[in-house]
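Colleague: The following block contains the structure, expressed as structure tokens.
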Amino acid sequence: MEIKTASFVVSNSDYRKCPDTGLPEYAFIGRSNVGKSSLINMLTRNKGLAKTSVQPGKTQLINHFLMNGAWYIVDLPGYGFARVSKKSRAAWQKMISDYFLHRETLANTFVLVDSRIPPQQIDLDFINFLGGNGVPLSIVFTKVDKQNQRETARNVNTFKKALAETWEEMPLMFITSSATGFGREKLLDFIDSVNASLA
Ligand SMILES: Nc1nc2c(ncn2[C@@H]2O[C@H](COP(=O)(O)OP(=O)(O)OP(=O)(O)O)[C@@H](O)[C@H]2O)c(=O)[nH]1
Ligand SMILES: [Mg+2]
């Protein structure tokens, strides 16, 4: 699938104010700085679409982007950023859990995981939260351009083992780099197949 048109629609702090067109959407979540906004720009081949930063905590709201006039990509603020007050952590928690538990048009969630590091409890906890609530999810390993294939394969395998402790069935996994575009087609083809199954 190709993305022919991609445009920013709206930012919200409340899922109830998100677009009510009924079109399917794909959410991107993961630790702060893991590369959610960069991946969205890589998929759409539009570097300025989602705001990115070397500093964690750049994305703060629920951001809807319309693709081909037919489906949405949703950029979300990341978790696990240490320099955040208790109050804003609680606000994030409420905004995000309400979104995932109630957003009816959510077709799939991409949980982004840094391919360079061993499994982090915070990622496993978030995946368990989604899975435990029946929210469909896939895992996307990011930043593979920063290391060799062997290191990526080792970290992916370790992550699978950690997941296997709680999950019988493995979610789909994608290996990506926003710097090189690696993994773009596979991810877009998957979205296309989910869209087709909903049509
Ligand atoms: N080398 C490399 N750098 C990347 C890649 N993806 C993201 N980055 C860098 O990682 C940093 C964070 O990227 P963002 O896309 O802003 O991360 P985010 O997950 O949206 O972060 P928050 O919005 O703060 O939660 C930026 O400096 C990006 O340039 C990648 O695939 N390869
Ligand atoms: Mg972001």
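Colleague: Taking only DSSP H segments of four or more residues, each worth -39500 (n - 2.57), what value at 222 nm results for the chain once the sum is divided by all its residues, to the nearest 500 deg cm²/dmol? It would help to have the intermediate numbers written out before the result.
Modeller: On the way: 5 runs with 69 residues, N = 199.
It lands at -11000 deg cm²/dmol.
Colleague: Here is a follow-up. Rank these residues by their accessible area, most exposed first, probe 1.4 Å: 58, 160, 4.
Modeller: Working: 58 105, 160 80, 4 175 Å².
Greatest to least solvent exposure: 4, 58, 160.
Colleague: Packing-wise, with mean Cβ within 10 Å as the measure, how do 107-114, 59-66 rank, highest first?
Modeller: 107-114, 59-66
Colleague: I would also like to ask the following. Hey, could you grab the Kirkwood Rh for the chain? Inverse mean 1/r over distinct alpha carbon pairs, Å, one decimal.
Modeller: 17.0
Colleague: Pull up the DSSP beta bridges for the stretch 18-161 and report the antiparallel fraction as a percent, rounded to 5.
Modeller: Of the beta bridges lying entirely in the stretch 18-161, close to 25 percent run antiparallel.
Colleague: According to a simple spin-label model (label point 7 Å from Cα along Cα-to-Cβ), what is the distance in nm between residue 150 and residue 170?
Modeller: 2.1
Colleague: At 18 angstrom or more along the helix axis (alpha-carbon based) and mean Kyte-Doolittle of -0.5 or higher, what helices does the chain contain? Whole DSSP H runs only.
Modeller: 184-198
Colleague: Another question, then. For residue 23, what accessible surface area do you get with a 1.4 Å probe? Give it in Å², rounded to 10.
Modeller: We get 50 Å² for residue 23.
Colleague: What's the FRET efficiency of residue 7 with residue 188 using the Cβ-Cβ distance as r and R₀ = 22 Å, to the nearest 0.05? Display every interim value, and only then the final one.
Modeller: Numbers: r = 17 Å, r/R0 = 0.78.
Calculated value: 0.80.
Colleague: So what is the relative contact order of the stretch 65-199, in percent, for Cα pairs below 8 Å that sit 6 or more residues apart? It would help to have the intermediate numbers written out before the result.
Modeller: On the way: 118 pairs, mean separation 27.3, N = 135.
Relative contact order comes out at 20 percent.
Colleague: Let me ask something else. Based on alpha-carbon centroids, what's the gap between the stretch 153-188 and the stretch 64-93 in Å, whole number please?
Modeller: That distance is 21 Å.
The values are calculated or read from the model by the stated rules, or taken from the named source; none is laboratory data. All figures in this text were calculated on a predicted structure; none of them were measured in a lab. Cβ sites come from the backbone with ideal geometry, for glycine too, and all protein chains shown count toward neighbours. The protein model used for the area step is the full one, side chains on, heavy atoms only, and it has no ligands, DNA or RNA in it. Shrake-Rupley method; radii C 1.70, N 1.55, O 1.52, S 1.80 Å.
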